[in-house]
Amino acid sequence: MSPAKKRARTYDLDKTRTAVLNQLGNVREALQGLTPEQLALPTRAGGRTVRELAGQIEALPAVSGPSASGPSVSVDQLVTRCVELVGYTDDLAAATGVEIPYDRQALAAATRLLADALAAAAPGGSVEVRVPPFAVVQCVAGPRHTRGTPPNVVETDPLTWVRLATGRTTWGEALDAARLSASGERADLDAYLPVRDFRHRP
């Protein structure tokens, strides 16, 4: 008998919209306190300066829905926006040295979407990827774990996972910085990162 297909993860439209708006607010508040010198600093986002990246963030399509003015935005677009905003927030913080808070729901949505995208890109059950407290997925073809402690486990924190999955850091860099643990002969995900397609598919 073939295993049952795993049900796709769902996201709440209103909560996800609120998360996007909250994270935008966090970024805007941080940008308001930057000096001209900080705004001129380069970022790792394609060589853009902080000012240019800020302009790109502001140019993102407006977040609205059936209860708001303007065009409606689907939950799929909102979850993808969470990934973009969390990544851009990290880029700005790295460039300026300013600590910018992350909305918990935005970070959770980004973490889960990218974990699910990895599982879709490398289907299987031989490796368990843990990103506490937000996500656990199994991936990579091979012997499937069914009970007890998995033989191949990867574990990291949400922000490091977002960096890995979006190409902002490498597998080796995360290991060297002790931001990632990997146990088991199959627990090397370097070949599957970054995740190329992380669109939400309900």
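The values are calculated or read from the model by the stated rules, or taken from the named source; none is laboratory data. Worth saying up front: this structure is predicted, and the values here are computed from it rather than measured. All Cβ positions, even for glycine, are placed from backbone atoms using ideal geometry, and neighbour counts span all protein chains on display.
Checked against the criterion of being within 21 Å of G167 (Cβ to Cβ) and not assigned by TED's automatic domain parsing to the domain that holds E37, the candidates V79, V127, V86 yield just one match: V127. Only one of the numbered conditions (1) part of a loop (DSSP other than H, G, I, E, B); (2) modelled with pLDDT of 95 or more; (3) aliphatic (A, V, I, L, M) is violated by A8, and that is (2).
Select from the stretch 92-117 the residues that are closer than 21 Å to P36 by Cβ and either outside the structural domain of T18 (by TED's automatic domain parsing) or buried (at least 22 other Cβ atoms within 10 Å of the Cβ) (or both) and list them in ascending order. Residue satisfying the conditions is L92 alone. Taken over the stretch 49-73, residues that are surrounded by 13 or more Cβ atoms within 10 Å (Cβ to Cβ), hydroxyl-bearing (S, T, Y) and at pLDDT below 90 amount to 1.
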